[in-house]
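So the structure is just underneath, and the comments pick up after that.
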Amino acid sequence: MPAKNPKKLPAHVRENRAFWDRVAPQWVAAGRKAWASDDPYWGVWGLPESQVGLLPADMNGTDAIELGCGTGYVSGWMARRGARVVGIDNSERQLDTARELSGEHGVELTLVHGNAEVVPYPDASFDFAISEYGAAIWCDPHVWIPEAHRLLRPSGELVFLGNTPLATITTPPSGDVSSALLHRDYFGLHRTDWTEVEIDPGGIEFPLPISSWFALFKQTGFEVVDYLELQAPAEMDTDRFHSPVEWAKRWPYEHVWRLRKR
Ligand SMILES: C[S@@+](CC[C@H](N)C(=O)[O-])C[C@H]1O[C@@H](n2cnc3c(N)ncnc32)[C@H](O)[C@@H]1O
């Protein structure tokens, strides 16, 4: 499906599109590795599905969507479990990788170039929606959470994994990795712009305080089924993807929400 007129995209979606189109080549190797594994693993520390449990064991005949699918390996894992899968992503370059890797693995996916805040599918099209560092961090929660709710059938589940607000507020203004100090306000946390930082500039992300996530889910019509704070494994000793492993052994760097549509 063609992307909508880019000029009409919100500023953060335009900025993040340019960012992801630029860095997409750096994500091919990680995508290729994840596609090669039949056992899902999650987040920057690669925690196994047996520990984190993000996917339903049986997805046979279900309709699933990945919101911000990137290189598409999560979509691939769902398709291998029997789901019909749509992956939507804001970056055509990331989708090039997803197309190439799904082709190599003989996995059929429907890949859509677009903004996960406005998905071109009718209400109640899906049984399951997921995002691992896609819409989960790059989309405005006040827009994408109601959109995910709209897309799901009654009792459908939304699962997403991203950074905790603690990881954001402990990141120094330089953009260096999280520290043991609080560098920004917690209350009011929302649009966070990493485009101008000195170290490892990025795009625009949307962390929320935990109580604001709860309020948003309640207001949207989601029940919270589970909430996980992920800890880096004790045996791991190297930072990954600009994420500090020793920090993440002490404090929650990533979290997971599992929600059910009421
Ligand atoms: C770190 S990747 C996560 C996807 C997947 N887990 C992976 O690692 O390949 C982040 C993805 O979110 C996508 N993204 C950012 N903003 C988006 C938006 N508004 N709608 C859809 N996708 C978006 C980016 O283009 C990028 O491919």
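Taken together, the values in this text are just the output of simple stated rules run on the coordinates, not laboratory data. Only a predicted model underlies this, so the values are computations on that prediction, with no experimental measurement involved. Heads up, the Cβs are rebuilt from the backbone with ideal geometry, glycines too, and the neighbour counts pull from every protein chain shown.
Screening the candidates ASP193, ASP176, ASP200 for the property of being of a type in the set (D, E, K, R), surrounded by fewer than 21 Cβ atoms within 10 Å (Cβ to Cβ) and closer than 26 Å to TYR73 by Cβ yields one hit, ASP200. Specify which of the listed residues (GLY87, GLY68) is within 24 Å of TYR253 (Cα to Cα), surrounded by 24 or more Cβ atoms within 10 Å (Cβ to Cβ) and within 13 Å of the ligand (Cβ to nearest atom). When all the criteria are applied, what remains is GLY68. Pairs are defined by a Cβ separation below 6 Å, a sequence spacing of at least 6 or placement on different chains, a first member in the range 185-209 that is in contact (Cβ under 8 Å) with a residue 40 or more places away in the chain and closer than 22 Å to ALA116 by Cβ, and a second member that is in a loop (DSSP other than H, G, I, E, B) and of a type in the set (Asp, Glu); the pairs so defined are PHE206/ASP140.
Return yes or no: is ALA167 closer than 24 Å to VAL52 by Cα, among the hydrophobic types (A, V, I, L, M, F, W, C), within 16 Å of the ligand (Cβ to nearest atom) and crowded, with 23+ Cβ neighbours inside 10 Å? So ALA167 does not fit the description; no.
Here is the figure for the range 109-133: residues that are farther than 14 Å from GLU66 by Cα and not small (Gly, Ala, Ser) total 2.
A quick yes/no check of all residues on (1) hydroxyl-bearing (Ser, Thr, Tyr); (2) in a helix (DSSP H, G or I); (3) over 15 Å from the mean Cα position of the chain (by Cα):
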| position | (1), (2), (3) |
| --- | --- |
| GLY31 | no, yes, no |
| LEU55 | no, no, no |
| ALA64 | no, no, no |
| ASP96 | no, yes, yes |
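Would you confirm, using the coordinates I've provided, whether PRO252 is surrounded by fewer than 20 Cβ atoms within 10 Å (Cβ to Cβ) and within 30 Å of TYR121 (Cα to Cα)? For PRO252, the condition - surrounded by fewer than 20 Cβ atoms within 10 Å (Cβ to Cβ) and within 30 Å of TYR121 (Cα to Cα) - is not met. Evaluate the following for ASP237: is it in contact with a strand residue (DSSP E or B) (Cβ under 6 Å, 6 or more places away or on another chain) and exposed (fewer than 14 other Cβ atoms within 10 Å of the Cβ)? It is false that ASP237 is in contact with a strand residue (DSSP E or B) (Cβ under 6 Å, 6 or more places away or on another chain) and exposed (fewer than 14 other Cβ atoms within 10 Å of the Cβ).
Residues in the range 23-47 that are of a type in the set (D, E, K, R) and either surrounded by 17 or more Cβ atoms within 10 Å (Cβ to Cβ) or in contact (Cβ under 8 Å) with a residue 40 or more places away in the chain (or both): ARG32, ASP38.
Within the range 50-91, being among the aromatic types (Phe, Trp, Tyr) and either in contact (Cβ under 8 Å) with a residue 40 or more places away in the chain or under 20 Å from ARG17 (Cβ atoms) (or both) holds for one residue alone: TYR73.
Does PHE222 qualify as being surrounded by fewer than 17 Cβ atoms within 10 Å (Cβ to Cβ), aromatic (Phe, Trp, Tyr), out of contact with any Cys (no Cβ under 6 Å at 6 or more places or on another chain) and over 16 Å from ALA135 (Cα atoms)? Spelling it out, it is not the case that PHE222 is surrounded by fewer than 17 Cβ atoms within 10 Å (Cβ to Cβ), aromatic (Phe, Trp, Tyr), out of contact with any Cys (no Cβ under 6 Å at 6 or more places or on another chain) and over 16 Å from ALA135 (Cα atoms). What single numbered condition from (1) more than 12 Å from GLY70 (Cα to Cα); (2) crowded, with 20+ Cβ neighbours inside 10 Å; (3) not charged (D, E, K, R) fails to hold for THR97? Tallying (1) more than 12 Å from GLY70 (Cα to Cα); (2) crowded, with 20+ Cβ neighbours inside 10 Å; (3) not charged (D, E, K, R), THR97 fails exactly one: (1).
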